[in-house]
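Have a look at the structure below, then the notes.
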Amino acid sequence: MSIHDNEGVKQLLIERVKTSETPRDVLRAPELRKLYSTIGSIPAEERANFGREVNDLKQALEEAITEREAQLDSASVEQLDVTAPWGENASLPSLLPAEHGTHHPLIQELNQVVDIFTRMGFEAVESRQIDDDFHMFEALNFPKDHPARDGYDTFRTEEGYVPPAHTSTMQHRILLDGKARLEAGGDIAAISYGRVFRNEDVDATHEHTFYQVEGVYVSEQANLGQMLGTLRSFFETYYDQELRIKTQPAYFPFVEPGLEFAIEKPAAIGGGPGQWLEMLGCGMIHPNVLEAAGIDSKKYRGFAWGGGVERLVMLKYGIEDLRHFESGKLAFLRKFNT
Ligand code: PHE
């Protein structure tokens with residue numbers, strides 16, 4: 001066998017390495033195996049020379065393989081465009097491992113609350129965190145200088161805007177939004193949820209910032225019985241048990257009659273008969289509120305309710321102090337880490 005044959009095989013195999021995705025496989029090529037098996041049949045005087053050539057060939061192949069592997073390796077790393085505008089490379093793995101974060105317990109629970117009402121057929125809209133005097137009071141039948149305005153401990157911005165003190169600020173918008181559907185023979189069924197703010201001293205049961213959920217339902221036949229059925233059904237689903245409920249009269253300018261809705265504290269969480277817990281305010285929407293949104297209060301009636309989310313969650317988990325929620329304490333937050 002002449003040196004030229006070996007050189008030919010070498011060129012062929014090196015070319016193959018250069019284009020292969022798995023270059024190391026070339027070491028098992030049949031051409032190479034054939035060369036090895038030939039060694040035995042080479043005349044003794046040529047054998048040393050032949051063996052050296054085969055070794056050279058193998059070494060050249062190894063070098064080509066290492067080079068090709070490095071090339072493949074660097075091709076698999078995405079190239080960063082360092083001249084790109086900020087954010088261009090943002091699809092690369094994030095620096096903050098996502099598995100270290102979860103939803104805040106209040107948001108987890110709020111999602112459940114929204115889910116329950118959505119399954120009952122209510123649309124859900126988030127409430128605003130900055131609103132105005134009109135939605136906070138006027139549209140809700142609080143005349144100017146009405147003393148009930150004071151009951152809401154409302155903050156104001158220097159410009160006169162209102163960080164809403166209840167989610168009832170969304171009622172007027174929900175009514176306006178649903179008016180056409182109502183007049184076309186449908187009904188209005190919506191909830192609104194979000195943060196509300198009150199100028200309160202903070203203690204175990206009061207926060208300046210908390211969450212509320214509001215519900216609004218309007219149709220030709222809406223009545224208190226439907227409202228109580230809706231609320232009972234919500235609470236029984238949320239707490240996953242049957243509950244006793246009761247109401248007592250309460251005053252809110254935007255409902256007539258106005259009620260406070262209470263549930264009996266379930267035995268499962270240490271309650272007993274006669275231990276009533278007020279959960280929210282509710283009532284039949286005042287005709288003035290319907291009319292403010294252009295809805296004919298002789299033809300249509302509605303009910304509305306609104307209440308705090310923290311209270312719901314505290315009762316569910318036996319949390320004794322409202323301040324835990326905003327404390328940022330990891331030991332507390334991790335208890336809800338599902
Ligand atoms: N917005 C009232 C509150 O926060 C609760 C309420 C809502 C009462 C809807 C009646 C109807 O005190």
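The values are calculated or read from the model by the stated rules, or taken from the named source; none is laboratory data. Quick caveat: nothing in here was measured; it's all calculated off a predicted structure. Virtual Cβ from ideal backbone geometry, glycine too; neighbours counted across all protein chains shown.
Name the residue, out of R181, R149, that is out of contact with any strand residue (DSSP E or B) (no Cβ under 9 Å at 6 or more places or on another chain) and of a type in the set (K, R). Walk me through how you get there before you give the answer.
Working: R181 fails: out of contact with any strand residue (DSSP E or B) (no Cβ under 9 Å at 6 or more places or on another chain).
Going through R181, R149 in turn, the sole match is R149.
With respect to the conditions (1) more than 13 Å from the ligand (Cβ to nearest atom); (2) closer than 15 Å to L277 by Cα, Q241 lacks only one, and its number is (2). When restricted to residues that are part of a helix (DSSP H, G or I) and surrounded by 16 or more Cβ atoms within 10 Å (Cβ to Cβ), region 232-255 contains 6. Kindly indicate whether G229 is over 25 Å from the mean Cα position of the chain (by Cα) and either assigned to a loop (DSSP other than H, G, I, E, B) or basic (K, R) (or both). Answer is no for this residue. The combined condition, being at pLDDT 95 or above, within 14 Å of the ligand (Cβ to nearest atom) and assigned by TED's automatic domain parsing to the domain that holds A184, is fulfilled by A250. Cβ-Cβ distances below 8 Å connect the following pairs, each with a first residue in region 280-302 that is assigned by TED's automatic domain parsing to the domain that holds S219, a second residue that is part of a helix (DSSP H, G or I) and among the acidic types (D, E), and a separation of six or more residues or different chains: A292/E138; S297/E291. Somewhere in region 172-188, is a residue part of a helix (DSSP H, G or I), free of Cβ contacts under 8 Å to residues at least 40 places away in the same chain and among the aliphatic types (A, V, I, L, M)? The answer is yes; a qualifying residue exists. Residues in region 159-168: is at least one free of Cβ contacts under 8 Å to residues at least 24 places away in the same chain and in the same structural domain as T230 (by TED's automatic domain parsing)? Looking through region 159-168, at least one residue is free of Cβ contacts under 8 Å to residues at least 24 places away in the same chain and in the same structural domain as T230 (by TED's automatic domain parsing).
Inspect all residues belonging to region 323-332 and state whether any of them is under 26 Å from the mean Cα position of the chain (by Cα), within 16 Å of the ligand (Cβ to nearest atom) and in the same structural domain as Y193 (by TED's automatic domain parsing). Scanning region 323-332, I find no residue that is under 26 Å from the mean Cα position of the chain (by Cα), within 16 Å of the ligand (Cβ to nearest atom) and in the same structural domain as Y193 (by TED's automatic domain parsing), so the answer is no.
Take the conditions (1) in a helix (DSSP H, G or I); (2) more than 33 Å from the chain's Cα centre (by Cα); G258 misses just one of them, which is (1). Got a sec? Which of I295, I319 is β-branched (V, I, T), under 14 Å from V218 (Cα atoms) and more than 12 Å from the ligand (Cβ to nearest atom)? Of the residues listed, the single one that is β-branched (V, I, T), under 14 Å from V218 (Cα atoms) and more than 12 Å from the ligand (Cβ to nearest atom) is I295. Are any of the residues in region 123-132 without any contact (Cβ under 8 Å) to a residue 24 or more places away in the chain, assigned by TED's automatic domain parsing to the domain that holds F252 and acidic (D, E)? No, the conditions are met nowhere in region 123-132.
Which ones in region 129-161 are over 27 Å from P257 (Cα atoms) and either within 16 Å of the ligand (Cβ to nearest atom) or assigned to a helix (DSSP H, G or I) (or both)? Give the derivation first.
Looking only at region 129-161, we keep the residues that are over 27 Å from P257 (Cα atoms), and these are 129-130, 155-161.
Q129, F155 - these are the residues of region 129-161 that are over 27 Å from P257 (Cα atoms) and either within 16 Å of the ligand (Cβ to nearest atom) or assigned to a helix (DSSP H, G or I) (or both).
For region 298-338, a tally of residues being surrounded by 15 or more Cβ atoms within 10 Å (Cβ to Cβ) and not in a helix (DSSP H, G or I) returns 13. Do we have E200 as within 14 Å of the ligand (Cβ to nearest atom), surrounded by fewer than 19 Cβ atoms within 10 Å (Cβ to Cβ) and in a strand (DSSP E or B) here? Against the criterion (within 14 Å of the ligand (Cβ to nearest atom), surrounded by fewer than 19 Cβ atoms within 10 Å (Cβ to Cβ) and in a strand (DSSP E or B)), E200 does not qualify.
Listed conditions (1) within 26 Å of T205 (Cβ to Cβ); (2) more than 16 Å from the ligand (Cβ to nearest atom); (3) in contact (Cβ under 8 Å) with a residue 60 or more places away in the chain; (4) not charged (D, E, K, R) are all met by G307, apart from (2).
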